[in-house]
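The values are calculated or read from the model by the stated rules, or taken from the named source; none is laboratory data. Quick caveat: nothing in here was measured; it's all calculated off a predicted structure. Here the Cβ positions follow ideal geometry from the backbone for every residue, glycine too, while neighbour counts run over all protein chains shown.
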């Protein structure tokens, strides 16, 4: 078994999913949602164990990474022990990370500002299929069907965010609005878009729509996701897309808008083979790009692409696969002497 030393302040209140699955955390979220961690708990049995530093194969900082004395102290202790130190920042914070030693896995990174210590991290989403459930493969139609169900907000709110210096949130929402408007205006694609005026389970922008509750909002999101060929995946307040990984889990094809992103394992995965890929600079051509992508794939290609996205999520980007791969890499680094420090 691989020994992991979970370090940092308030380890018992850690939000690190692996720490919770290994039984070292008492975070209230794991108590309220015990099923959320059950698949990972089952996976870590006979694979990973929590241990002291002197027994550890690697160190994991169990709190969200911040530049500063506490994280630096943890990094240097791991360095003295001769093992890798892994940090995580799964939130919207896009500020560059620069520990004195170790590797920081982050969801929100700008590629143009990336430091040598930073690696892309997937949003660790739940499996949208039941165990053993096959992908409900869609047949390829003549025209691509593009879906989206999520937070866009109103023009007034987007302006307010800009005026109150919530610039990253404003930028993300503007890009979402522009993306949806561009696609809806394209004669080359069919769209099924549901725009919401809040982050989770809030009213649709249509003022006559009834209020949503969490269950109905989730069902509507899933129906939209499974009922379309492609799903629009682009940043929100952070420079990453949560729905990207939900789309792949569902066996659907992302229409990914690249906003200077860093994707997980991008040195090993050619994401352009799996996604309809649109650079932010080409956003006005999004409809044309996805239509061409759709036309370039035969019926069999289209079917296989759905299965391949699901497989890619299972084998690389699910919580189980992600942790296994980065832990194996960290131990290999220690054995080969490839331990980064500033």
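Just to check your reading of the model, which residue among 14, 25, 30, 52 is farther than 18 Å from residue 324 by Cα, in contact with a strand residue (DSSP E or B) (Cβ under 8 Å, 6 or more places away or on another chain) and without any contact (Cβ under 8 Å) to a residue 40 or more places away in the chain? Quick ask: steps written out before the conclusion?
Details: 14 fails: without any contact (Cβ under 8 Å) to a residue 40 or more places away in the chain; 30 fails: in contact with a strand residue (DSSP E or B) (Cβ under 8 Å, 6 or more places away or on another chain); 52 fails: without any contact (Cβ under 8 Å) to a residue 40 or more places away in the chain.
Exactly one residue qualifies, and that residue is 25.
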ask   = Where in segment 1-111 are there strands (runs of 3 or more DSSP E), lying fully within it, with 2 or more residues that are modelled with pLDDT of 95 or more and within 30 Å of residue 171 (Cα to Cα)?
value = 84-89, 103-106
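Kindly indicate which of 97, 72, 12, 81 is crowded, with 21+ Cβ neighbours inside 10 Å and outside the structural domain of residue 266 (by TED's automatic domain parsing). Lay out the reasoning, then the answer.
On the way: 72 fails: crowded, with 21+ Cβ neighbours inside 10 Å; 12 fails: crowded, with 21+ Cβ neighbours inside 10 Å; 81 fails: crowded, with 21+ Cβ neighbours inside 10 Å.
Only one candidate qualifies: 97.
Residue by residue through segment 105-117, note down the ones that are buried (at least 17 other Cβ atoms within 10 Å of the Cβ) and under 15 Å from the mean Cα position of the chain (by Cα).
Quick first cut of segment 105-117, residues buried (at least 17 other Cβ atoms within 10 Å of the Cβ) only: 105-109, 117.
If the condition is that a residue be buried (at least 17 other Cβ atoms within 10 Å of the Cβ) and under 15 Å from the mean Cα position of the chain (by Cα), then 105, 106, 107, 108, 109 are the ones that fit.
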key: Counted residues, segment 118-154 - those being touching a strand residue (DSSP E or B) at 6+ places or on another chain (Cβ under 7 Å), crowded, with 18+ Cβ neighbours inside 10 Å, modelled with pLDDT of 95 or more and in a loop (DSSP other than H, G, I, E, B)   = 2
